[in-house]
Amino acid sequence: MKYILSLAITLSLSSAFCQTLTLKWKSDATLTTSESVAFDSKNNVLYVSCIDGKPDEKDGKGFIGKVSPDGKVVAAQWVSGLDAPKGLGIFKDNLYVADITKIVTINIPTGKITGSVEVPGSKFLNDITVDKKGNVYASDTQTGKIHILKDGKVDVFFESTEFKGVNGLLAVGNDLYVVDFPTGTNYKLSADKKLSTIGKTGEGADGIVPLGNDEYLVSSWHGEVYLINAKGESKKLIDTKEEKANAADIEYDAKTKTLYIPTFFANGVTAYTFSK
């Protein structure tokens, strides 16, 4: 009886995790310290934030690169003059960038910086997400706060002592999904600001993207990508630590089932095909 029960559990878990990630391409290594990637479906291009220096240093060396969906670097320094750009978010014709203590706005058609808003009290802005109304949310890993940029004004949207190093953000409907960097704990923040755990992944948790049906992919900066299913169970799908390729703030194109991974110290972007 115990054997049958154990076998049933094993088969159940195996059937729940039949998803795979298959390498599609790797870009060249001109995207120095690539931290985040965002897919612009309207213009069919990827934007990649590149720190090109220390993650907390205001040195003006950071830039945004443009990469085609097949991995060709179209413009390594499409927009330059940033400090240490990290999280990216798109709404209409604007690209929003988390840049240490400010949120920078880039007009996509012109490639020009059109706005820069200092976030009071911030120390290390990390990820960005934009909701369906155009509100911009930015995580601050060092203060445990999530800020909101709405109608040109910045406020604290949420903070919690549960956060040990808040990082990845994802707006889905009226909810926010939040990734905690050092602990690998992944949360759902409801519209009424109730915080609940959706699953646990590896330490160094960085980016989160939706797959639909309450399933998500979560990256670990050290070089891993996990799947969290609707039951809150997680499974590691890839591990590139031995290749010295990080897995920073990821992006997913549901139409082509492609996961894009910025590789940080490997200075590029890697694409994988997701399949079930």
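Some values worked out for this structure:
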quantity	calculated
The range 33-77: number of residues that are touching a Phe, Trp or Tyr at 6+ places or on another chain (Cβ under 8 Å) and in a loop (DSSP other than H, G, I, E, B)	7
Residue in the range 101-108 that is part of a loop (DSSP other than H, G, I, E, B), among the aliphatic types (A, V, I, L, M), at pLDDT 95 or above and loosely packed, with under 14 Cβ neighbours inside 10 Å present	no
Residues of the range 46-66 satisfying the condition of being within 21 Å of Tyr252 (Cα to Cα) and open to solvent by 10 Å² or more (accessible area, probe 1.4 Å)	Lys66
Subset of the range 260-276 [within 21 Å of Ile51 (Cα to Cα) and out of contact with any Cys (no Cβ under 9 Å at 6 or more places or on another chain)]	Tyr260, Ile261, Thr263, Phe264, Phe265, Ala266, Gly268, Val269, Thr270, Ala271
Scan of the range 233-271 for residues that are among the hydroxyl-bearing types (Ser, Thr, Tyr) and within 24 Å of Thr185 (Cα to Cα), ordered by number	Ser234, Thr240, Tyr252, Tyr260, Thr263
Qualifying residue in the range 67-85 (condition: closer than 27 Å to Glu162 by Cα and surrounded by 18 or more Cβ atoms within 10 Å (Cβ to Cβ))	yes
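The values are calculated or read from the model by the stated rules, or taken from the named source; none is laboratory data. Note that the coordinates shown come from a computational prediction; the quantities given were computed from them, not determined experimentally. So basically every Cβ, Gly included, is an ideal-geometry build from the backbone, and we count neighbours across all protein chains shown. Side chains included, ligands, DNA and RNA excluded: accessible areas come from the protein's heavy atoms. Shrake-Rupley method; radii C 1.70, N 1.55, O 1.52, S 1.80 Å.
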